[in-house]
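Enquirer: If you scroll down you'll find the structure; I have some questions about it.
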Amino acid sequence: MGCLCPQFFNPEPMVKEKEDHEAKQYSWDKRDRLNPEVYLVDGAVSRTICRLPTSINGQQFIIQNCKSCKIFVFDHMASVTIDDCSDCCIFLGPIKGSIFIRDCSDCRVMVACQQFRTRDCRNMEIFLCCSTQPIIESSSGMKFSCFQYSYSQLEDQFQKSGLSVFNNNWSDIHDFTPVPDERNYSFLPQDTLLDCFIPPSTEGIHVEGLSVDRTKSIIPHTLGKQSRQHDESCLIIFFSQGKTSSNEVRSFMKKMSEDHADCDLVQSKEVHLQPSEAENIIGTNDYKSFVTQGPVVGLEYNGENCCKICHTVTKSQHNKRIFISQDATAAKKEIENFYNVANLQLAI
């Protein structure tokens, strides 16, 4: 008797099906293989170590058990942890998330991040750009200053990390473990030398446009919580003009630093405002049409006659999208209202 169902016993389709199954690829099979050694610095002693732009590309980075090293990471990262390091100088590019420094001593760190925290650290110098409130815990001898650094790829790395160069709360330190009648942190003098953050020429490390000059820093150098020198302050708000907004702000700050160095930039913020919020801050709806076109950048300057000076400087820019406090009395309330809105939005 012949077989009525020969297809069930034909081996060829089964072999083809097996081959098709073996050839199938999934999305994770197509990802580039990462070399773990690129994202870790462990146990280095008296060395200079560098990661160039595009080498980390938004991944996590770890530094641990290092002594007397100079470590440079010229790239953006997802998060960073630094553990058990001493006598090191460390530069880190923009961090999308958090940096956590634990059990470290006598180190200098330059970093820009979303969140900053230390635990069980002592005698540290931190040059910081932080979008939220920096936190120290069980740490002492902590000294802070404003981030000041530049190289050609840095601004693009900030954008990839989702960080604004105008949102920096470096001086607004929260101490989880305060000591009665003592202070676990202080602020560094503004003329502190930053030579260690430049790679030694003998190492052959070249990063285009690298500088620690304050005037070239991508981050505005702000006074922060340090004592103001004068009673008069002024609020300047730049309303959105698309890509040119940042250039307008930088042009204004450059003019102020060159021609009016006695006026200090206290703080800056980049936030989105609702029309009602803008009207509440500045007391008019004249800027209503500008508010909906993008984020605004607010600057607080402090100095003698700074309101008059800021008006004079902006006249040369011929820009109707700039608001400036009329006088010191009005500025006090406007500054308070603006930063109340900004801090609430940024969850500070």
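Enquirer: Of the residues that make up the stretch 211-218, is at least one free of Cβ contacts under 8 Å to residues at least 60 places away in the same chain and under 30 Å from Glu304 (Cα atoms)?
Expert: There is at least one residue in the stretch 211-218 that is free of Cβ contacts under 8 Å to residues at least 60 places away in the same chain and under 30 Å from Glu304 (Cα atoms).
Yes/no matrix, rows are residues, columns are (1) at pLDDT 95 or above; (2) open to solvent by 80 Å² or more (accessible area, probe 1.4 Å); (3) in a strand (DSSP E or B):
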position	(1), (2), (3)
Lys18	no, yes, no
Leu34	no, yes, no
Gln59	yes, no, no
Ile71	yes, no, yes
Ala112	yes, no, yes
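Enquirer: Let me ask something else about it. Would you mind stating whether Ala342 is buried (at least 20 other Cβ atoms within 10 Å of the Cβ), touching a strand residue (DSSP E or B) at 6+ places or on another chain (Cβ under 7 Å) and under 18 Å from Asp231 (Cβ atoms)?
Expert: So Ala342 does not fit the description; no.
Enquirer: Could you check how many residues of the stretch 58-80 are within 21 Å of Tyr149 (Cβ to Cβ) and out of contact with any helix residue (DSSP H, G or I) (no Cβ under 7 Å at 6 or more places or on another chain)?
Expert: 11
Enquirer: If you go through the stretch 213-244, how many residues are more than 25 Å from Lys332 (Cα to Cα), open to solvent by less than 30 Å² (accessible area, probe 1.4 Å) and not β-branched (Val, Ile, Thr)?
Expert: Here the count works out to 1.
Enquirer: Are there helices (runs of 4 or more DSSP H) fully within the stretch 259-329 with at least 3 residues that are open to solvent by less than 40 Å² (accessible area, probe 1.4 Å)? List them.
Expert: Filter on the stretch 259-329 gives 275-282, 306-315.
Enquirer: For the stretch 173-196: of the residues being at pLDDT below 95 and under 27 Å from Phe74 (Cβ atoms), which is surrounded by the fewest Cβ atoms within 10 Å (Cβ to Cβ)?
Expert: Asp191
Enquirer: Return the total of residues in the stretch 93-106 being under 12 Å from Ile82 (Cβ atoms) and either buried (at least 23 other Cβ atoms within 10 Å of the Cβ) or free of Cβ contacts under 8 Å to residues at least 12 places away in the same chain (or both).
Expert: 4
The values are calculated or read from the model by the stated rules, or taken from the named source; none is laboratory data. Predicted model only: the values in this text are computed from it and were never measured. Using ideal geometry, Cβ is built from the backbone for each residue, glycine included, and neighbour counts are taken over all protein chains shown. In case anyone asks, the SASA skips ligands and DNA or RNA and just uses the protein heavy atoms, side chains included. Shrake-Rupley method; radii C 1.70, N 1.55, O 1.52, S 1.80 Å.
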